[in-house]
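Note sheet for the following structure.
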Amino acid sequence: MRMKIDGACHCGRISYEAEVNPDFVIICHCTDCQTNSGAPYRANVPVLLENFRLKGEPSTYVKVAESGRRGRLAFCGNCGSALFSGREDNPTFYNLRLGAIRQRAQLVPKAQYFCRSAMPWVNDLAEIPRSEDSTPVRPG
């Protein structure tokens, strides 16, 4: 099953259209994703290169993983929005960052990886006081 999606960086200089399989959405808890995203985990969906159309030229950064694999991370050089990543050597697909996808609410993660690096509180989010906007919430 394929789903048409579109996405863009925060400032709109870079955008894309793609067809993805929503059954392959994942959450990654690895320390590289935590550090690079500035968040406790990152959600991704893969897209085959032939199903991806990019408008604009992202900046890139090459990250060498513990395995030695070199990955190219793409982001907007103007606003800094993370967009996608792929293998540096001959990628066949990109991992799109859910935060930049307009239909992100419809892309429910189906698996989690590198859970050994997950923040110990990540499974308890439902217990943390909530607000529908930036109004401060007092615990308990």
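The values are calculated or read from the model by the stated rules, or taken from the named source; none is laboratory data. Remember, predicted model here, so these are calculated numbers, not experimental data. Neighbour counts run over all protein chains shown; Cβ positions are idealised from the backbone, glycine included.
A single member of ASN21, ASN95 is of a type in the set (S, T, N, Q) and touching a strand residue (DSSP E or B) at 6+ places or on another chain (Cβ under 6 Å), and it is ASN95. All of ASN90, ASN78 fail the test of being in a loop (DSSP other than H, G, I, E, B) and either touching a helix residue (DSSP H, G or I) at 6+ places or on another chain (Cβ under 9 Å) or on the phi > 0 side of the Ramachandran plot (or both), apart from ASN90.
Scan LEU98, LEU48, LEU54 and give me the residue that is modelled with pLDDT of 95 or more, among the aliphatic types (A, V, I, L, M) and more than 19 Å from PRO22 (Cβ to Cβ).
Numbers: LEU98 fails: more than 19 Å from PRO22 (Cβ to Cβ); LEU48 fails: more than 19 Å from PRO22 (Cβ to Cβ).
None of the other options fit; the residue is LEU54.
Of everything in region 17-43 that is surrounded by 17 or more Cβ atoms within 10 Å (Cβ to Cβ) and touching a Lys or Arg at 6+ places or on another chain (Cβ under 6 Å), the residue that is nearest to ASN123 (Cα to Cα) is CYS28. Per the listing ARG116, ARG138, ARG104, the residue uniquely modelled with pLDDT of 90 or more and surrounded by fewer than 12 Cβ atoms within 10 Å (Cβ to Cβ) is ARG116. Is at least one residue of region 44-59 aromatic (Phe, Trp, Tyr) and assigned to a strand (DSSP E or B)? Yes; the residues of region 44-59 include at least one that is aromatic (Phe, Trp, Tyr) and assigned to a strand (DSSP E or B).
If you go through region 1-16 and keep only what is loosely packed, with under 15 Cβ neighbours inside 10 Å and among the charged types (D, E, K, R), you end up with ARG2, LYS4, ASP6.
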